[in-house]
1. Looking for whichever is closer than 26 Å to Phe592 by Cβ, at pLDDT 85 or above, out of contact with any strand residue (DSSP E or B) (no Cβ under 8 Å at 6 or more places or on another chain) and open to solvent by 70 Å² or more (accessible area, probe 1.4 Å) here; the options are Leu643, Leu677, Leu655. Which one fits?
2. Which condition number in (1) among the small types (Gly, Ala, Ser); (2) surrounded by 14 or more Cβ atoms within 10 Å (Cβ to Cβ); (3) out of contact with any helix residue (DSSP H, G or I) (no Cβ under 8 Å at 6 or more places or on another chain) is the one that Ser668 fails?
3. Which one of Leu677, Leu656, Leu643 is touching a helix residue (DSSP H, G or I) at 6+ places or on another chain (Cβ under 8 Å) and farther than 16 Å from Ala578 by Cα?
4. Sort out for me the strands (runs of 3 or more DSSP E) sitting completely within segment 125-215 that have 3 or more residues that are in contact (Cβ under 8 Å) with a residue 40 or more places away in the chain.
5. Considering segment 564-594 alone, what residues qualify as being part of a loop (DSSP other than H, G, I, E, B) and either aliphatic (A, V, I, L, M) or under 22 Å from Gly637 (Cβ atoms) (or both)?
6. Only one residue in Ser97, Ser80 is touching a residue at least 40 places away in the same chain (Cβ under 8 Å), open to solvent by 20 Å² or more (accessible area, probe 1.4 Å) and under 17 Å from the mean Cα position of the chain (by Cα). Which one?
7. Taking the conditions exactly as written (at negative phi, assigned to a strand (DSSP E or B) and surrounded by fewer than 21 Cβ atoms within 10 Å (Cβ to Cβ)), does Ala103 satisfy them or not?
Amino acid sequence: MDLAYVCEWERWPKSTHCPSVPLACAWSCRNLIAFTTDLRNDDQDLTRMIHILDTEHPWDVHSVSSEHSEAITCLEWDQSGSRLLSADADGQIKCWSMADHLANSWESHVGSLVEGDPIVALSWLHNGVKLALHVEKSGASSFGEKFSRVKFSPSLTLFGGKPMEGWIAVTVSGLVTVSLLKPSGQVLTSTESLCRLRGRVALADIAFTGGGNIVVATADGSSASPVQFYKVCVSVVSEKCRIDTEILPSLFMRCTTDLNRKDKFPAITHLKFLARDMSEQVLLCASSQTSSIVECWSLRKEGLPVNNVFQQISPVVGDKQPMILKWRILSATNDLDRVSAVALPKLPISLTNTDLKVASDTQFYPGLGLALAFHDGSVHIVHRLSLQSMAVFYSSATPRSADEPAIKRPRASGPAVHFKAMQLSWTSLALVGIDNHGKLSMLRISPSMGHTLDVSLALRHLLFLLEYCMVTGYDWWDTLLHVQPAMVQSLVEKLHEEYTRQNAALQQVLSTRILAMKASLCKLSPCTVARVCDYHAKLFLVAVSSTLKSLLRPHFLNTPDKSPGDRLTEVCSKITDADIDKVMINLKTEEFVLDMNTLQALQQLLQWVGDFVLYLLASLPNQGSPLRPGHSFLRDGPSLGLLRELMVVIRIWGLLKPSCLPVYTATSDTQDSMSLL
């Protein structure tokens, strides 16, 4: 791991830190980071604000005044990365959405309230979309083999199986509250006790099962008390939200059952499910003032042994043995320095053939590691099941041995700078941390985890993750952090090669994403930077073309064979004559009739198309120079065909309204510039 960049707040004259204020941080699939800080001074209080940062432009932090009356305890992005939930210590939950798709403009119109009851856990309801990455099939040609949809039920469905949107939260007093967003904009909210005997909930986390249920894990903060688990079912009965809860098996941490260390770690400080859709694996951390221990547990179905007396009365036949759900410990660490924050991977790697074997394997797959931050300022990446250390980052200048006991280390005079909140990116190649001085640090996590990988294997790792971002629509900035200039050419070629292997329908869906991806890759190398504007021009050309073609309407609505746009493409590809009028004869010109005001409004877009064609033809004599912008278009048949189709459309529209035509300065009055181009 190494430091990519640090964002510091400007030094205020009388700024103070509030160490008691919890920090929240959330990383969206669009690579936007929402976070809070514990900084305040006489004029301004930053603790009640939500700060939004685009990871690509970290110098531009946008702060939203949240209007929360108490400290913000939870932040949670939705699956699309365009909406954000915030919850505070007074029980208020707000739903923020982007105004006009802008990352620096946010508005909150809906929310819910459990008055005076601090929120300790918060999550959006599951929408039923789950993808599995099959790392062992990373060499397969079809994206369908590498990334497969997993059968997963949404938490709640509307008519026709459409997932219902909403959120679920857990409060300190042991209440669970669910808010449902109806398509009409109305919010249905219901609150229920997790169990009959309500107790204090200091820590909680929420996960989802494939059957559409919700699992809530809670702890009261003491390691002498059990970690409780509850199944929550949400339904809508006669226009009201209904919550049903059921108790699941609980567990005591292993460190408390060991007589020698019974009182060594008195407090449970972290409780997390390993993933939002992995309710059968949980990570627990118990701490003392100076040290911590981390345990990973798994929920398993086990056969219940039947006493011989009952066997004789009712023999167990075949697989009819009674089953019971039981928590089993997978792994535990030795004594560590005190843990200050935990970050879990979001990459849904399918652990079919890997499981615990991968921990000892030299080959690392991004997404198998989780991050632990310590009070001494260090960050460790450990395998998410075996908890073996895979990488270490030290914020101070003096690196130490990972095996050195925490007790033997010399103590610093004051509290060390350490992360209070952490999040891993969606490909697990970057890690963000907010420290106890309100500073944000971005760390790069090498795909090889410190092992020496040959270039081809490193390329395969990055290519696999770029393909994952292309299929899911997630932002790929964190993957670009690891692309060296020498890799760019081969990555672009391999990406294009994999794209062309897919079926035509999928290629059409991914056509603009791959262009944007190639453009961002080519920016990273001086050898390919000239091609960036070609990719951007092609993206704009595709947008202009689809906009103009979408305005064409069939003259008779009962002609289901082909749309006017498809017919135009077919006629232009068949008739390659240079005379534009011969193409126009074969088209149904009545399909091109538009309102005159609309045509006039399109004039600037039509002028751009005309200017672009003129530029390409003017650069033909210099085609030997690949550094000129537009060079790649001269050998790109589909793009030239697209431009020709648009010129035909413009020609027809010019007959309807001559003032919408592109304006040229011709060499003679009789020259027909459109026909010539």
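1. Working: Leu643 fails: open to solvent by 70 Å² or more (accessible area, probe 1.4 Å); Leu677 fails: open to solvent by 70 Å² or more (accessible area, probe 1.4 Å).
That would be Leu655, the only listed residue that is closer than 26 Å to Phe592 by Cβ, at pLDDT 85 or above, out of contact with any strand residue (DSSP E or B) (no Cβ under 8 Å at 6 or more places or on another chain) and open to solvent by 70 Å² or more (accessible area, probe 1.4 Å).
2. All conditions are met except number (2).
3. That would be Leu656, the only listed residue that is touching a helix residue (DSSP H, G or I) at 6+ places or on another chain (Cβ under 8 Å) and farther than 16 Å from Ala578 by Cα.
4. On the way: elements: 131-133, 147-149, 165-171, 175-181, 187-193, 203-208.
Of the strands (runs of 3 or more DSSP E) lying wholly inside segment 125-215, those with at least 3 residues that are in contact (Cβ under 8 Å) with a residue 40 or more places away in the chain span 131-133, 165-171, 175-181, 187-193, 203-208.
5. Scanning segment 564-594 gives Ile575, Thr576, Asp577, Ala578, Asp579, Asn586, Leu587, Val593, Leu594.
6. On the way: Ser97 fails: touching a residue at least 40 places away in the same chain (Cβ under 8 Å).
Residue meeting the stated conditions: Ser80.
7. no
Conditions tested, residue by residue: (1) open to solvent by 40 Å² or more (accessible area, probe 1.4 Å); (2) out of contact with any helix residue (DSSP H, G or I) (no Cβ under 9 Å at 6 or more places or on another chain); (3) more than 18 Å from Val544 (Cβ to Cβ).
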{"site": "Lys582", "(1), (2), (3)": "yes, yes, yes"}
{"site": "Glu590", "(1), (2), (3)": "yes, yes, yes"}
{"site": "Ala601", "(1), (2), (3)": "yes, no, no"}
{"site": "Gly610", "(1), (2), (3)": "no, no, no"}
{"site": "Leu616", "(1), (2), (3)": "no, no, no"}
{"site": "Arg628", "(1), (2), (3)": "yes, no, yes"}
{"site": "Gly637", "(1), (2), (3)": "yes, yes, yes"}
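The values are calculated or read from the model by the stated rules, or taken from the named source; none is laboratory data. All of these numbers come straight from a predicted model, not from anything done at the bench. As a convention, Cβ positions derive from the backbone with ideal geometry for all residues, glycine included, and neighbour counts pool all protein chains shown. Accessible surface areas use protein heavy atoms only, side chains included; no ligands, DNA or RNA. Shrake-Rupley method; radii C 1.70, N 1.55, O 1.52, S 1.80 Å.
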